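I have placed the structure first, in the form of structure tokens, so that the comments after it can refer back to it.
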Amino acid sequence: MKKVYFITGSQDLYGEEVLLQVAEDSKTIASYLNEKIDGVEIVYKSTVRDEASCVEACACATNDDDCIAVITWMHTFSPAKMWIKGLQFLKKPLLHLHTQANEKLPYDEIDMDFMNLNQTAHGGREYGFMVTRLGVKREVIVGYYKHEDVIERIKKFLDVARAVDFSKNLKVAMFGSNMREVSVTDGDRVESQIKYGWNVNYYGIGDLVALVNAVTDKELEDKMAEYASLYEMNTTDLDAVKEQAKYEIALDKFMKDGGFGAYTDTFQDLHGMKQLPGLATQRMMAKGYGFGAEGDYKTSALNAILVEMAKGRSGSTGFMEDYTYDFTKGEEVVLGSHMLEVSPDFASNKPKIEVHHLGIGGKEPPARLVFDGVEGDGVAVCMIDMGNRFRLICASIELVKQPKPMPKLPVARIMWKLKPDHATGAAAWIYAGGAHHTVVSTALTVDDIRLFAKLTDTELVVIDENTKLDEFQDKLDMLDLLAKLK
Ligand code: MN
């Protein structure tokens, strides 16, 4: 199980009796958090009281591969020069929990001993100054640790911290390369690895074809039975479906053997394959793998990371593409889809397996899952490479029911409304350089993406109900200028 270190700050000045109380209160809080938060172990660490113990705690967290984050709490005053070296060692997401062992002030009893023991308000500021001075990105959560909203905020921080940890170990397989001449899906893979840890490498499609050809009859039979149990078979062309079943089995093996969490493909490089992977890729996305079409490694990685972040929450998350609009005045809506690859995580009804002609790539008609999409509040997120930095663009969106059936549309789809209105939301996205490929999620919020951007030191622009185009463009100009100064 992944771990989170709980480190309390104090100092030697107060004497052993106070430090014993500090340790006891810290253990109480750590064990309370352990009880309330699933999926990670909150590990109590001995109180930091001088530079050496601080370095020891922070270096230990940095060197522990299982440690995804550090929570620090200043029970008392903790002179922050002793934190400098430790914080310089710390390479894990940091949460400063500005809490107290007590909820209420004991008005009748309070004396100077109580004041000296319980001075988060005081010590948290001294420590906070040093974290700010060192430029360490962190989250600050203020409140009594037993309050439900505080626990919820800690959980959300840990979801993002887990996603950052996942990112640092993510391997992405690119079958083929970026679609020829396409710009926004491309990027600096070396910089992606330096900044986010993504190990992105190219593989010839022949490596996958070899596994496709090795699929056994038994494997194929089991896979077809699985499809029949999960989906409605709305085709008589079972050979086309079997072809995709082989792709899924082959992809599964390839990803597991190589330890990959995400992949891309491209319809321009399908030598030895009869179809573009459709149903197969939809199945892989349903299992949590990241995917980016047309060699879009950034969206593929982001997809896997946001799926990891959303684990344990309700809602849907997946690769998406802005396709076409309904421009009816006042009822504008975006139709999002892809030529095949929409995650069944978005399905609001039982998906149907269908086989249709695909007018691109020159291959046989591929099998795919077709369904209508879920509704609810969500985000659309993309990452672009600005040349001197990456930029995340996050739009707050509302997924809506499709106004009318689309009986002739042979792909899965979702629909959403932009904020603050269609014209402003779409224009802002375009001014920001936002891609047609995104990751859409109804499990995540703008705050989650904001925190991910902060902890990974990534430029972020948000488009939401407060967006005004003039201010938004000023901000983009300012960000360009800031990037030049760095
Ligand atoms: Mn595309």
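The values are calculated or read from the model by the stated rules, or taken from the named source; none is laboratory data. Fair warning: this is a prediction, and the values are worked out from it, not measured in the lab. Cβ: placed from backbone, ideal geometry, glycine included. Neighbour counts: every protein chain shown. The accessibility values were calculated without ligands, DNA or RNA, using every heavy atom of the protein model including side chains. Shrake-Rupley method; radii C 1.70, N 1.55, O 1.52, S 1.80 Å.
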| Radius, Kirkwood style, for the chain when every pair of distinct Cα atoms is counted (Å) | 24.5 Å
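At 20 °C and 1.002 mPa s, what whole-number value in µm²/s does Stokes-Einstein give for the translational diffusion of the stretch 2-162, with Rh from the Kirkwood sum over Cα pairs?
Working: Rh = 15.6 Å.
Here the translational diffusion coefficient equals 137 µm²/s.
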| task | Quick one: dipole size for the chain, taken about the Cα centre, charges +1 on Lys/Arg Cβ and -1 on Asp/Glu Cβ, in debye to the nearest 20. | result | 640 debye
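Can you work out D for the stretch 22-94 in µm² s⁻¹ from Stokes-Einstein, where Rh is the Kirkwood radius over C-alpha pairs, the temperature is 25 °C and the viscosity is 0.890 mPa s? Display every interim value, and only then the final one.
On the way: Rh = 12.9 Å.
Using the Kirkwood radius from Cα pairs, D works out to 191 µm²/s.
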| Can you list the HN-Hα couplings for the stretch 106-120, worked out from phi with the Karplus curve (6.51, -1.76, 1.60; θ = phi - 60°), rounded to whole Hz and with x for Gly and Pro? | x, 3, 6, 9, 4, 9, 5, 4, 4, 4, 6, 7, 10, 10, 3
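Of the listed pairs 91/417; 156/350; 298/454; 92/468; 253/404, which have alpha-carbon separations greater than 29 Å here? Don't skip to the answer; put the middle values down first.
Numbers: 91/417 39 Å; 156/350 31 Å; 298/454 18 Å; 92/468 35 Å; 253/404 40 Å.
Result: 91/417; 156/350; 92/468; 253/404 exceed 29 Å.
Can you pull out the GluC sites (Glu not before Pro) in the stretch 429-486 whose DSSP state is coil and whose Cβ has at most 15 other Cβ atoms within 10 Å?
Details: sites: 459, 465, 471; in loops: 465.
The qualifying sites are 465.
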| Positive dipole terminus of the chain, leading residue within 461, 295, 425 (C-beta point charges) | 295
| task | Hand me the trypsin sites (Lys or Arg not before Pro) from the stretch 38-95 located in a DSSP loop with no more than 11 other Cβ atoms within 10 Å, in residue order please. | result | none
| request: Among the listed pairs 223/401; 81/486; 363/408, give every one whose C-alpha distance is greater than 29 Å. | output: 223/401
| Is the shape of the stretch 243-331 best called rounded, prolate or oblate, per the rule: a/c under 1.5 gives rounded, else a/b larger than b/c gives prolate, else oblate, with a ≥ b ≥ c the square roots of the Cα gyration tensor eigenvalues? | oblate
| field | Computed P(r) (all Cα pairs; the stretch 1-62; 5 Å bins; percent) | value | 4, 18, 26, 22, 18, 9, 3, 0
| task | Translational diffusion coefficient, Stokes-Einstein: compute it for the stretch 327-389 using the Kirkwood radius over C-alpha pairs as Rh, at 4 °C and 1.567 mPa s, and state it as an integer in µm² s⁻¹. | result | 87 µm²/s
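Taking all protein chains in place and a 1.4 Å probe, what share, in percent, of the accessible surface of the chain do carbon and sulfur account for?
For the chain, the apolar C and S fraction of the accessible surface comes to 51 percent.
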| query | To the nearest 0.05, how large is the calculated FRET efficiency for residue 23 and residue 169 if R₀ is 30 Å and r is the Cβ-Cβ distance? | reply | 0.35
| If you find the alpha carbon centre of the stretch 1-58 and of the stretch 184-261, how far apart are they in angstrom? | 45 Å
| field | Loop-located chymotrypsin sites (Phe, Trp or Tyr not before Pro) in the stretch 122-219 whose Cβ has at most 14 other Cβ within 10 Å (DSSP) | value | 144
| request: Counting only heavy atoms of the protein chains, get the accessible area per residue of the stretch 46-103 (1.4 Å probe) and round it to a whole Å² value. | output: 36 Å²
